[in-house]
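Working notes, beginning with the structure itself.
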Amino acid sequence: MDFFIPLFISGITFGCIYILIALAFNIVFSSSNVINFAMGEMVMVGAIISSILYAEERLPFIFTMLFTMIIVALLGIIEYFVAVRPLRRKNATLISIVIATLGYSIVLKMLVALGIGKEERSAISPLGDNPITIGGYNILPQSILVVGLTIIILLLTWFVFNKTMLGLSIRATAFHMDGAKLMGINVEWIIALCFGVGGGIAALAGLLLAPFSYASPWIGLTYGIFGFAATIIGGLGNWVGSIVGGLALGFLEAFATGYIGSEWGEGIALIVMLLILFIRPSGLFGSQEVQEAGEN
Amino acid sequence: MKSKMNLVFVALLVLMIIMSGCGGTSQESGKASDSSSQNVAGKETGGDEDEFVIGLSGALTGGSSALGQPQLHAVQLAIEEINNSGGINGAKIRLISEDDQANPTKGVTIAQKFVTKDNVDAFIGPTNSSVALAMAPVFEKAQVPAIMAIPTNDDVTKGKKWIFQIDATSKTQAEFFASYVAKKKMKVGIIHDTTSWGEANKKFAIEELKKLGIEPVAVESLTVGKNDYTPQLLNLKKAGAEILVAGLLGPEAAVVSKNAKQINYTVPIVGPNALAQSSLIELGKKDVEGMVFTSIVDPEKPEFKKFQESFNKKFGYIPETDWAPLGYDAVYILKKAFEVAGHDKEKIREALENLNNYVGVSGKAGSTISFKPDDHTGLKADAVGFLTVKNGRFVKYSEK
């Protein structure tokens with residue numbers, strides 16, 4: 001157990017981070033069918049802005065969190081209008097649009113590196129660095145914060161998407177764009193909003209993971225890839241899938257590193273992703289429609 | 001339709017280029033990206049005036065920029081000093097710097113540009129061994145002398161006529177900390193990153209420990225840039241490692257120390273000079289106090305102290321670790337060669353090969369840099385010492 005519990009804590013903490021990133025991927029995908037490859041860089045921007053505001057400027061945590069999420073949400077909305085919408089209007093293929101999001105991610109990365117700085121910044125946890133001891137095991141307060149905020153975000157998005165008019169509009173847009181337009185829904189803004197919400201949630205993931213190590217302009221790619229892998233494992237466009245995919249990836253990584261060997265950790269996590277894709281191309285919870293929509 | 005789409009892509013690309021250009025000049029490190037424009041201006045007016053051109057490449061952005069930036073600054077400082085004191089027999093040195101982002105492919109492109117378009121007299125850089133290994137054949141083929149000051153991989157100069165190294169190689173460093181570990185009589189664990197540099201460190205650490213009759217109880221690897229290395233540390237703890245040899249760069253070593261503390265695993269950590277980056281202290285804070293690493297700077301050496309002073313005056317920060325002094329020495333070693341050989345590259349190479357007992361700012365007090373026709377590595381075991389972290393600063397390590 002001395003071995004199992006710490007691995008479990010590591011797995012669930014980073015599983016939650018992957019859940020948030022997968023959720024961000026899914027929110028954007030479900031409204032627009034676009035896989036937003038700038039997501040990893042949004043995580044990075046979130047980590048950097050929050051460490052500047054909270055660790056360096058000592059602003060209140062709640063303010064830091066909201067401000068960071070809003071700024072990155074705006075970056076997401078800008079992404080839609082700069083990189084995605086112009087291509088959609090030209091009836092560009094989905095592949096071109098996805099490549100454009102990749103371009104936007106490089107712009108983000110270089111802007112941060114050159115404008116804000118290339119060095120690694122330390123981030124601090126609002127709950128402090130001293131581990132809490134529960135039953136003889138050390139748990140970082142930040143891990144608890146990660147799990148707590150992930151649950152809150154999941155509940156919040158579930159509520160908005162299933163119980164509000166806005167959520168209904170988003171789902172209508174995802175279901176049938178032209179139909180939604182005819183119903184008087186401003187489809188453009190709904191999609192832009194989803195890019196924003198995706199950015200905001202990705203920023204939260206960045207804010208939460210930075211205190212475990214550091215924030216630098218180069219951390220985005222890894223989290224983009226792992227967040228995307230979690231999305232794929234769970235199934236594109238499926239929210240339950242985000243949860244299962246994120247946790248599966250977090251645990252796989254931690255346990256494979258611990259029990260099989262460190263050189264296998266990431267490899268095994270990604271091999272499992274491939275296996276799932278071979279057996280169920282639409283992911284564990286993905287529906288066939290999503291797959292077809294993706295092919296259009 | 002399609003052509004319009006292409007237009008958007010081109011526009012996007014142009015935008016990216018402009019943005020990266022603008023960002024560079026507004027920054028304190030802007031000189032790096034400026035140099036290319038200076039270069040163009042220099043080309044137009046040059047020609048009638050004799051000048052020596054040095055090409056420099058290094059990781060000026062990216063994770064290894066903590067090595068590349070100080071080296072660039074030190075090279076700029078040395079060139080300024082030389083030019084202000086009469087240059088090389090009256091001729092000035094001009095620097096062209098490029099950012100290889102620690103990317104071997106970019107490195108090769110830059111090397112080719114230096115030897116064909118810029119026609120440099122000599123080359124300094126890069127910062128990373130993987131890039132050095134990729135660039136070396138270009139300079140060999142073009143017959144341009146290259147001083148690869150920072151890379152430590154032992155293969156960089158092996159069998160090469162035109163390539164020179166200054167930093168103590170990975171093997172030399174491993175020898176040094178292996179003997180330190182052996183004296184401790186503790187069970188040894190190894191943790192390293194999966195870059196080619198990290199793998200080489202692991203290999204040499206295992207080899208050198210073996211020579212001293214020590215078998216590591218566990219060897220763990222990690223991917224650069226992840227936020228949690230608890231699983232690896234749990235394995236090392238389970239295997240009973242009492243001291244860790246770390247083939248890591250600064251930021252990862254900081255995270256490892258932090259994670260170790262979280263699982264109540266407090267063991268000494270030793271490793272090569274690449275651990276000694278300012279980021280180690282900034283990120284690791286209290287957790288990295290007492291970490292020990294090899295280093296080719298000697299905080300008490302007068303030449304090094306003087307260098308730190310003039311560096312601080314120009315750039316506003318004090319270089320405490322190995323990277324800046326290595327770049328600085330590379331320029332002065334080239335100066336010596338230029339003075340006797342002029343622009344004749346073969347003669348520059350010969351002059352470098354005959355460099356004997358050069359006292360640089362790098363290296364432990366009393367050590368010197370020499371090259372021989374069959375040995376192009378500069379600093380040897382006698383130049384290596386230990387640094388440690390004390391009260392948030394890099395200081396000389398002394399055994400209590």
How big is D for the range A:155-296, in µm² s⁻¹ as a whole number, if Stokes-Einstein is applied with the Kirkwood radius of its Cα pairs at 10 °C and 1.306 mPa s? 93
Once phi for every residue in the range B:319-330 is put through the Karplus expression 6.51 cos²θ - 1.76 cosθ + 1.60 (θ = phi - 60°), the whole-Hz ³J(HN,Hα) values, with Gly and Pro written as x, are x, 9, 10, 6, 6, 5, x, 5, x, 4, 4, 4
What figure in square angstrom, to the nearest 10, would you give for the accessible area of A:Val45 with a 1.4 Å probe? 10
Rounded FRET efficiency, nearest 0.05, which uses the C-beta distance separating A:Ile151 from A:Trp189 and R0 of 22 Å: 0.15
Please list, ordered by chain and number, the residues whose modelled amide H lies under 5 Å from the amide H of B:Phe52; skip anything fewer than 5 residues away on the same chain. B:Lys92, B:Ile93, B:Arg94
Of the listed pairs B:Lys158/B:Lys203; B:Lys336/B:Lys396; B:Lys161/B:Lys347; B:Lys305/B:Lys396; B:Lys306/B:Lys347, which have alpha-carbon separations greater than 20 Å here? B:Lys336/B:Lys396; B:Lys306/B:Lys347
Output needed: percent of Cα pairs per 5 Å distance bin for chain A, bins running from 0 to the one holding the longest distance. 1, 6, 12, 17, 19, 17, 13, 8, 5, 2, 1, 0, 0
Taking chain A as the reference, fit the longest principal axis to its C-alpha atoms, fit the long axis of helix A:4-32 to the helix C-alpha atoms, and give the angle between the two in degrees, 0 to 90, nearest 10. 10
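How much accessible area per residue does chain A have, in Å², with a 1.4 Å probe?
Working: 12060 Å² over 296 residues.
Counting only protein heavy atoms, the per-residue value for chain A is 41 Å².
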Over 30 Å between Cα atoms: which of B:Lys113/B:Lys171; B:Lys211/B:Lys237; B:Lys345/B:Lys380; B:Lys160/B:Lys390; B:Lys237/B:Lys286; B:Lys171/B:Lys238 fall into that group? B:Lys113/B:Lys171; B:Lys160/B:Lys390
Would you list which aspartates and glutamates come within 18 Å of B:Lys261, measuring only between C-alpha atoms, while excluding same-chain residues fewer than 8 positions from it? A:Asp2, A:Asp129, B:Glu220, B:Asp228, B:Glu242, B:Glu252, B:Glu282, B:Asp287, B:Glu289
So, in Å, what gap is there between the alpha-carbon centers of the range B:269-311 and the range B:340-400? 17
Does anyone have the angle between helix B:196-211 and the longest principal axis of chain B? Alpha-carbon axes, 0 to 90°, nearest 10? 50
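At a temperature of 20 °C and a viscosity of 1.002 mPa s, determine how fast the range B:273-400 diffuses translationally according to Stokes-Einstein, using the Kirkwood radius over alpha-carbon pairs as Rh; express D in µm²/s, rounded to the nearest whole number.
Numbers: Rh = 15.8 Å.
Approximately 135 µm²/s, per Stokes-Einstein.
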P(r) for the protein assembly as shown, please, calculated from all Cα pair distances in 20 Å bins and given in %. 17, 47, 30, 6, 0
To the nearest 100 Å², how much accessible surface do chains A and B hide from each other in total, with a 1.4 Å probe? 3800
Enumerate the amide H contacts of B:Gly247 below 5 Å, restricted to partners 5 or more residues apart or on another chain; note that Pro and chain-start residues carry no placed amide H. B:Ile191, B:His192, B:Asp193
Return, ordered by residue number, the residues of the range B:111-149 whose backbone nitrogen is under 16 Å from a label point located 7 Å along Cα→Cβ of B:Lys347. B:121-122, B:145
B:Val217-A:Leu127 FRET efficiency (beta carbon distance; Förster radius 41 Å; 0.05 resolution): 0.70
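With N denoting the number of residues in chain B, provide Rg(C-alpha) divided by 2.2 N^0.38 Å, to two decimal places. Please report the intermediate quantities before stating the final value.
Numbers: Rg = 21.7 Å, N = 400, 2.2 N^0.38 = 21.4 Å.
It is 1.01.
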For the range B:103-116, 3J(HN,Hα) per residue [Karplus equation, 6.51 cos²θ - 1.76 cosθ + 1.60, θ = phi - 60°, Hz, x = Gly/Pro]: 10, x, 4, 4, x, 4, 4, 5, 4, 5, 4, 4, 7, 9
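Largest first, what is the accessible-area ranking of B:Lys226, B:Lys160, B:Lys117, B:Lys285 with a 1.4 Å probe? Kindly include the intermediate steps, with their values, before the conclusion.
Numbers: B:Lys226 15, B:Lys160 50, B:Lys117 125, B:Lys285 105 Å².
Heavy-atom accessible area, descending, gives B:Lys117, B:Lys285, B:Lys160, B:Lys226.
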Note: B:Asp374 to B:Lys306 extended length (0.36 nm per residue) minus current alpha-carbon separation gives 21.2 nm
5 angstrom amide H check on B:Gly360, placed H, neighbours 5+ away: B:Ile369
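Taking the inverse of the average 1/r across all pairs of different Cα atoms in the range B:288-348, what Kirkwood radius in Å do you get? Mind showing how you got there, number by number?
Values: mean 1/r = 0.0731 Å⁻¹.
Mean inverse Cα-Cα distance, inverted, gives 13.7 Å.
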Would you report the distance distribution of C-alpha pairs in the range A:1-100 as whole percents per 10 angstrom bin, up to the bin with the largest distance? 14, 34, 29, 17, 5, 1
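Of the peptides A:4-17, B:373-386, how do they stack up when ordered by the mean number of other Cβ atoms within 10 Å, highest first? Could you put the intermediate results ahead of the total?
Details: A:4-17: 22.7, B:373-386: 18.8.
Order by mean packing, descending: A:4-17, B:373-386.
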According to the Cα gyration tensor, what semi-axes, each the square root of 5 times an eigenvalue, does the equivalent ellipsoid of the range A:216-257 have, listed from largest to smallest in whole Å? 19, 15, 6
Using Cα pairs under 8 angstrom and six or more residues apart, how large is the relative contact order of chain A, in percent? 36
Give the Rg (one decimal place) followed by the Dmax (whole number) of the range B:338-400, computed from C-alpha coordinates and expressed in Å. 16.3, 52
In chain B the accessible area split gives carbon plus sulfur, as whole percent at 1.4 Å, a share of 54
Enumerate the calculated ³J(HN,Hα) couplings along the range B:174-187 in order (Karplus 6.51 cos²θ - 1.76 cosθ + 1.60, θ = phi - 60°), each rounded to whole Hz, writing x wherever the residue is Gly or Pro. 5, 3, 5, 7, 5, 5, 5, 4, 4, 5, 6, 6, 10, 6
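What does the accessible area per residue of chain B come to in Å², with a 1.4 Å probe and no ligands, DNA or RNA counted?
Numbers: 16050 Å² over 400 residues.
Result: 40 Å² of accessible area for each residue.
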In degrees from 0 to 90, rounded to the nearest 10, what is the angle of the helix A:187-209 Cα long axis to the longest principal axis of chain A? 10
Based solely on C-alpha atoms, express the radius of gyration and the Dmax of the range B:229-307 in angstrom. 13.9, 47
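As an exercise, use a Förster radius of 35 Å and the Cβ-Cβ distance of A:Leu274 and B:Glu199 to find the FRET efficiency, rounded to the nearest 0.05.
On the way: r = 25 Å, r/R0 = 0.71.
It comes out at approximately 0.90.
The values are calculated or read from the model by the stated rules, or taken from the named source; none is laboratory data. Note that the coordinates shown come from a computational prediction; the quantities given were computed from them, not determined experimentally. FYI the Cβ positions are ideal-geometry reconstructions off the backbone, even for glycines, and counts take in every protein chain you see. Just the protein is used for accessible areas: all its heavy atoms, side chains included, with ligands, DNA and RNA removed. Shrake-Rupley method; radii C 1.70, N 1.55, O 1.52, S 1.80 Å.
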